[in-house]
1. Going down the table (Lys217/Lys253; Lys77/Lys236; Lys197/Lys224; Lys88/Lys119; Lys197/Lys236), which pairs top 25 Å between alpha carbons?
2. Helix-only estimate, please: 222 nm mean residue ellipticity of the chain, summing -39500 (n - 2.57) across DSSP H runs of length 4 or more and dividing by its residues, to the nearest 500.
3. Where does helix 284-296 land angle-wise versus the long Cα axis of the chain, in degrees 0 to 90, nearest 10?
4. What nm value, rounded to one decimal, do you get for the distance between Ser188 and Glu91 when each label is placed 7 Å out toward the C-beta?
5. What shape does region 25-100 take by its C-alpha gyration tensor, where a ≥ b ≥ c are the square roots of the eigenvalues and a/c under 1.5 counts as rounded, a/b above b/c as prolate, and the rest as oblate?
6. Measure nothing fancy, just the Cα-based angle from helix 266-279's long axis to the longest principal axis of the chain, in degrees from 0 to 90, nearest 10.
7. Could you state the angle between the C-alpha long axis of helix 116-125 and the longest principal axis of the C-alpha atoms of the chain, as a value from 0 to 90 degrees rounded to the nearest 10?
8. Report, by chain and number, residues whose modeled amide H sits under 5 Å from the one on Leu32, excluding near sequence neighbours (fewer than 5 apart, same chain).
Amino acid sequence: MKNMKIGRILAFVGLFLAAINSYGQSYAFRVLANKGTSEVKSSDGWQPLKTGMSLKAGDELKVAENSYVGLVSVEGKPVELKKPGPYKVSELAEQVKGGASVMTKYVDFILSSNSAEAKKNRLSATGAVHRGEPTLLSVFLPPPQNASIFGSSMVVRWETPKAGGPYTVTLKNIFEEDLAKFETPETSIRIDLTDPKLSSETAFLVEVASKADPKTKSDGKVVKKLSAADLARIQKSYAEIAGEVKDQTALDKFVQAGFYEQNGLLIDALTCYEDAIRLAPDIDTYRDARDEFLYRNKLATPKP
């Protein structure tokens, strides 16, 4: 009798855990990025596909011509769909089937950071806009406490001043001696940190000036290499997701941006957003997410 009672308890526990697992795995993919007129068929019939949607294993996708869909599986594995046609969600899930990944927390972070509610909260918290001196050129780099960098390259972006371009970008050491100088007609530039002029520096300053009006220039913005201890910590954390973003697609870069932001590496995060835009220039999701990243981290101020 006692054994029967124990058996019933164990059976109940098993059913309870199975129910929890089933609830936790109630979706197969979430939509991180979307462009075009693609549709999804669920129990409610066909409906337009939207960013933020959850897709179940029994759903079907119809990717339209000239469309793009960026999905992330329940385990955190990214999938890009660019080819038009029908797709069964169950078959897509089988293609990326694998163990649970720490990627899910970065995906959750990206979705929550770019949700309508997050944007509403940011807008309600925005106070008066202070733009400083008319000749101050605003460079989208963080303050010194968040200016550490992990990657081997970085993208520096700045606001278009009234004077316009082209621009001179000067890198200086901590003694304000010139290390390198670049010219560009664009409002951004990629800097190779493996350059011998920079590789031995633990920190350097970035200054941007308009060639049209040399008085229109930025303050010096510091960029720091990670300490040995922090470098080892980030390398260990990054190794946990490296296998999931090895293809280096726009979607991969988008997820990596979430990883870097959550680890306080804002320069690396911005570089990943810029890479995502470069790889998929016609996908507004990535451009909008980059702008939201700049605003919520107070690296840029929305136009009033």
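Every read-out reported here was derived from the displayed coordinates using simple, explicitly stated rules and does not represent laboratory data. Just so you know, these numbers come straight off a predicted model, no measurement behind them. With ideal geometry, Cβ positions are generated from the backbone for all residues, glycine too; neighbour counts draw on all protein chains shown.
1. The answer is Lys217/Lys253; Lys88/Lys119; Lys197/Lys236.
2. -11500 deg cm²/dmol
3. The angle comes out at about 70 degrees.
4. 3.6 nm
5. prolate
6. The helix 266-279 is inclined about 80 degrees to the chain.
7. Once rounded, one gets 40 degrees.
8. Gly52, Gly70, Leu71, Val72
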